[in-house]
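Single-structure report; data block below.
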Amino acid sequence: MCAVGSEMVMVDGVPFPPEVTIAKPLALLGHGITDIEIHFLQIKYNAIGIYMEKHIVEHLGNWRGKKGAELAKDNLFFEALVAGEHNVAT
């Protein structure tokens, strides 16, 4: 993968490029970490970045700025992500 642009998105100290290019440019759609608490110690063991085609990001614009907890409860978001216009071959 080749990073495009110079600004990195920091996810709890782990840098992610805002866009990557494999066959075509992919935009960073979401990010997060996984962690566990053991005896009052918070151990972070994964940083995750989700990249998708740019037009998918535009297609999901109605949900821009919403918190993950809101999106997790919104069936329309998942329907738009899975069965949206982006599945049409171009």
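Readers should treat all values here as calculations from the given coordinates under stated rules, not as data from a laboratory. Fair warning: this is a prediction, and the values are worked out from it, not measured in the lab. Backbone-built Cβ (ideal geometry, glycine too); neighbour counts: all protein chains shown.
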Partners for LYS54 among lysines (Cα-Cα distance below 28 Å; same-chain residues under 8 apart left out): LYS24, LYS66, LYS67, LYS73
Among residues other than LYS44 whose Cβ falls under 12 Å from its Cβ, what is the net charge (Lys/Arg +1, Asp/Glu -1)? -3
Using 7 Å Cα-to-Cβ label points, what is the ILE43/GLU70 separation (nm, one decimal)? 3.5
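If packing is taken as the average number of other Cβ atoms within 10 Å across a peptide's residues, how do 47-60, 25-38, 65-78 rank, most packed first?
47-60, 25-38, 65-78
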